[in-house]
1. Per the 1.4 Å probe, what fraction of the accessible area of the chain, in percent, lies on carbon and sulfur atoms?
2. With springs only between Cα atoms under 10 Å, which of Leu169, Leu63, Leu142 fluctuates most in a Gaussian network model of the chain?
3. Specify the residue with the greatest mean-square fluctuation among Leu203, Leu53, Leu32, computed from a Gaussian network of the chain linking alpha-carbon atoms under 10 Å apart.
4. Computed FRET efficiency, Cβ-Cβ of Asp125 and Lys105, R0 22 Å: what is it to the nearest 0.05?
5. Under a 10 Å cutoff between Cα atoms, tell me which one of Ile94, Ile186, Ile124 has the largest fluctuation in the Gaussian network model of the chain.
6. Which value results for Rg/Rh of the stretch 40-126 when Rg is the Cα radius of gyration and Rh the Kirkwood radius based on the inverse mean 1/r?
7. Return one whole number: the accessible area per residue of the stretch 89-194 in Å², for a 1.4 Å probe.
8. Mind pulling the angle between the C-alpha long axis of helix 133-153 and the longest principal axis of the chain? Nearest 10 degrees, somewhere in 0 to 90.
Amino acid sequence: MTLSMIKNYRWLFLIVLLALFFRFFNLNETGLWMDEIHSAIGADPEKSIEQVLEYCKQDQPPLFFLLLHKWYQALGYNDFVGRLFGILTGMFGIIGIYFVGVEFKNSKVGLYSAFLTAINYFHIDYSRQVRFYPLVFLFASLSYLFFLRALKNKKPLDFLMYALSTAALLNTHYFGMVVFASQFLIFIFVVFVNRINDTKFILWSLSSATLAGLSFLHW
């Protein structure tokens, strides 16, 4: 690890600390509002997995509810524990968007992206709620991170990680389909504009996208 990387990670650490302050400040000043109560009911630790899945049919795909269900079972069933899940996934999202910026341009863009996310009102607000939005942001960031890496590096591991992160996104919120569709359009644009005829790359790309799509068939 170079000195430059160490410096960047120190800045990222400070940004995460700043983000934590904003998200923990007066966290329990108010109780759960209606949508948070729906999340808490759906992920009730006393429910069986089958009951959680049945509940999700009237809301969103089940990954968030299943993770929150296990989280409650491990740490307790109360407002703070539920909101803590959102805060932690939000923190991972800030780290994720840093690496997206690094992959897209450089570490400076990554740090700016992380800082703007850390102080963004909407990200702060949603990270303080027992809702799926911070998890959507995290998986969308990871999906685009490995999408970019796969386009640039063409390594099998990046294609696999893209498939897994995109599958997680699709199974967390229906808006994941918008991200998935946008990536397909970008892929088509890149292939045609750059006249890519690398058969192996195209097969890896289509295979990873197919794997991500197939993960959603159960729903």
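1. Numbers: 8450 of 12140 Å².
Looking at the chain in its full context, I get 70 percent from C and S.
2. It is Leu63.
3. Top of the fluctuation ranking is Leu203.
4. Rounded to the nearest 0.05, the efficiency is 0.20.
5. Ile186
6. Ratio of gyration radius to Kirkwood radius for the stretch 40-126: 1.11.
7. It amounts to 48 Å² per residue over the stretch 89-194.
8. The two axes meet at around 10 degrees.
The values are calculated or read from the model by the stated rules, or taken from the named source; none is laboratory data. Fair warning: this is a prediction, and the values are worked out from it, not measured in the lab. Counting neighbours? That spans all protein chains shown, and the Cβs are built from the backbone with ideal geometry, glycine included. To get the accessible areas, we keep the full protein, side chains included, count just its heavy atoms, and leave off ligands, DNA and RNA. Shrake-Rupley method; radii C 1.70, N 1.55, O 1.52, S 1.80 Å.
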